[in-house]
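Working notes for the structure below.
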Amino acid sequence: MIRPFDKPVYVTRPYLPDLKAYQDGIAEIWKNQWLTNNGPVHQRYVKNLEAFFGTENLCVYTNGTLALQIALQGMGIKGEVITTPFTFVATAHCLCWNNIAPVFVDIDPETYTLDPAAVEAAITPRTTAILAVHVFGNPCNLDALQRIADKHHLALIYDAAHAFGVDVGGKSIGFFGDCSMFSLHSTKLYHSIEGGILVFRNPALKQVFAYLRNFGFKGETEVMMVGTNAKMTEMQALMGDLILSDLPKIIAKRKMLTEAYIACLKDVPGINIHALEAPLRQQVYTPNFAYVPVDIHEGYPLSRDALYEKLKTFNVYTRRYFYPLLTDFTCYRGQVAMGDLSVAKRVADGILTLPIYYGLETDDVCRICEMIAGG
Ligand code: T4K
């Protein structure tokens, strides 16, 4: 008889740094009397991020959504942009907020990222960019997408919201394409409460991206462009800065938990764990173990949704990231262009993302897996 957890086990919990260290940082902010607008903690954080990424071509924002909106605006993206329906709504919302038409195409069944052949088939004279998502931290097909972008003179932008800490060929995944957005939301493995980062190729964008973050201001009396307010506060910067040095131990713990899921689920009929195993098997990139997506299919005695409900009775709150597909949401249904999305639909209907966070223990993982194996 498997007992429910006494306290709710959520799909994620934020990593919290040492409280005393955060309190000391807050005391410094009190002393500075500087809360936002490029304060000293923000400046220190940016320097540390530049060292982490190995580039000065980055800008920090109050959240990932505004960061991505600013990337599209600052790069002058217009017309149609090809993107994925299997992502968080923010990806497509950022296009629409810039009056850009999203064109949704299908995904690869192994990585759940954009299918390059489907991307190429959807290009029209109005296409200006590809907005690809490293969903669950899985790198997109970087070479193929770059080849298509080069051949058709398109910008290549990555929504790397899930991919902080992922390296490819020894360098950050942020170095691929023209620009990448990392989300630093509390639900992410690395966070700044709320936050976002743009990493980009063209150094000239740095000034534009900074203007757009602060209403377009240059000094006190000049406004260069119609910007917005997307500045990160000192409290956010402090959180991000304190957690940055903990990243290796956060990722190591998540690797251990992922391996525990694999060991406990590998023989459960009807549960496909290829998306958990793939990052461990390959040699090409360093994964971050951001999510635990498992695919529930016919061999399992319950439907995905029934399992999701059943786990709630054990006090386990999984999520169906990313279901429904974006194209099925009220605001997009019937309003947007799309190709054949049969793979994306199948994936969205079968995926359950299981709990993973620093405070979770392998015993908890085994207990969750017993609940799943019980059918
Ligand atoms: N692109 C992609 C591909 C994204 O996934 C996202 C964000 C974005 C763009 C936009 O980036 P941001 O603008 O957010 O920086 C969450 C996050 O709010 C969102 O950031 C994230 N993707 C998305 C995948 O997940 P919800 O609506 O599922 O979050 P919520 O509030 O239901 O939280 C999930 C669980 O986390 C809760 O059940 C409990 C736990 N939790 C959450 C918070 C906020 C805590 O324990 N403590 C907390 O403080 O969207």
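Counting only cysteine Cβ atoms and a cutoff under 4.7 Å, the chain contains unmatched residues Cys59, Cys94, Cys96, Cys140, Cys179, Cys331, Cys366.
Rolled with a 1.4 Å probe across the full set of protein chains, the surface gives Asp24 an accessible area near 80 Å².
Looking at region 300-375, the GluC sites (Glu not before Pro) that sit in a DSSP loop and have at most 14 other Cβ atoms within 10 Å of their own Cβ are Glu361. Per the Debye calculation on the chain with a single equal scatterer at every Cα and no solvent contribution, log₁₀ I(q)/I(0) for q = 0.08, 0.10, 0.11, 0.14 Å⁻¹ amounts to -0.41, -0.65, -0.78, -1.23.
Determine the dipole magnitude for region 48-178: charges of +1 sit on the beta-carbon of Lys and Arg, -1 on that of Asp and Glu, nothing else is charged, the reference point is the Cα centre, and the result goes in debye to the nearest 20. Could the numbers behind the result be given before it?
Working: 5 positive and 13 negative charges, 66 e Å.
Dipole magnitude for region 48-178 comes out near 320 debye.
Under the convention that each Lys and Arg Cβ holds +1 and each Asp and Glu Cβ holds -1, the size of the dipole of region 215-286 around its Cα centre is about 300 debye.
Name the GluC sites (Glu not before Pro) in region 252-301 that are in a loop by DSSP and that have at most 16 other C-beta atoms within 10 Å, would you? Don't skip to the end; give the middle numbers.
Numbers: sites: Glu259, Glu277, Glu298; in loops: Glu298.
Of the GluC sites (Glu not before Pro), the ones in loops of region 252-301 whose Cβ has at most 16 other Cβ atoms within 10 Å are Glu298.
A DSSP coil position with no more than 14 other Cβ atoms inside 10 Å describes the following trypsin sites (Lys or Arg not before Pro) in region 237-300: Lys266.
Net charge in the neighbourhood of Leu311 (other residues with Cβ under 13 Å of its Cβ; Lys, Arg +1, Asp, Glu -1) is +2.
Can you say what percent of the DSSP beta bridges in the chain, counting only those with both residues inside, are antiparallel? Round to 5. List each step's numbers first, then the result.
Numbers: 24 of 44 bridges.
So the antiparallel bridges in the chain amount to around 55 percent.
For the peptides 224-231, 194-201, the ranking by mean Cβ contacts within 10 Å, running from highest to lowest, is 194-201, 224-231.
Mean shadow of region 25-74, computed from the convex hull of its alpha carbons, in nm²? Don't skip to the answer; put the middle values down first.
Numbers: hull surface 16.5 nm².
The orientation-averaged projected area of the Cα hull of region 25-74 comes to 4.1 nm².
What you get for the chain, charging only the Cβ of Lys and Arg (+1) and of Asp and Glu (-1), is a dipole of about 460 debye around the Cα centre.
Counting pairs of Cα atoms in region 211-270, how many percent are more than 20 Å apart?
Details: 1080 of 1770 pairs.
Summing the P(r) tail past 20 Å for region 211-270 gives 61 percent.
In the chain, a dipole from Cβ-located charges (positive for Lys and Arg, negative for Asp and Glu) runs towards its positive end, and of Gly216, Thr330, Asn288 it is Gly216 whose Cα lies farthest in that direction.
The HN-Hα couplings worked out from phi for region 155-162 by the Karplus form 6.51 cos²θ - 1.76 cosθ + 1.60 (θ = phi - 60°) are 6, 10, 10, 10, 7, 9, 3, 9 Hz, whole numbers, x standing for Gly and Pro.
Considering only the other residues whose Cβ falls under 10 Å of the Cβ of Leu198, what net charge follows from Lys and Arg at +1 and Asp and Glu at -1? Write out the running numbers ahead of the final one.
Working: positive: Lys206, Arg213; negative: none.
Neighbourhood net charge equals +2.
Using per-residue counts of other Cβ atoms within 10 Å, averaged over each peptide, order 131-140, 284-293 from highest down.
131-140, 284-293
Think of the chain as a dipole: +1 on every Lys or Arg Cβ, -1 on every Asp or Glu Cβ, centred on the Cα centre; then among Tyr317, Pro203, Ala122, Pro203 lies furthest on the positive end.
Quick one: net charge around Ala278, please, counting Lys, Arg +1 and Asp, Glu -1 for every other residue with C-beta under 14 Å from its C-beta. Don't skip to the answer; put the middle values down first.
Values: positive: Lys255, Lys266, Arg281; negative: Asp108, Glu110, Glu259, Glu277, Asp295.
Charge balance in the 14 Å sphere: -2.
Here the sum of -39500 (n - 2.57) over DSSP H runs of 4 or more residues, divided by the residues of the chain, equals -11500 deg cm²/dmol at 222 nm, to the nearest 500.
Think of the chain as having a plus end and a minus end, set by charges on the Cβ of Lys, Arg, Asp and Glu; of Cys369, Ser342, Ala92, Ala92 sits farthest toward the positive end of this dipole.
I want to verify the translational diffusion coefficient of region 251-375 in µm²/s; compute it with Stokes-Einstein, Rh as the Kirkwood radius over Cα pairs, at 10 °C and 1.306 mPa s. Rounded to a whole number, D works out at 102 µm²/s.
The values are calculated or read from the model by the stated rules, or taken from the named source; none is laboratory data. These numbers were taken from a predicted model, which means no experiment stands behind them. Here the Cβ is made from the backbone with ideal geometry for all residues, glycine too, and neighbour counts use every protein chain on show. Heavy atoms of the whole protein, side chains included, go into the accessibility calculation; ligands, DNA and RNA do not. Shrake-Rupley method; radii C 1.70, N 1.55, O 1.52, S 1.80 Å.
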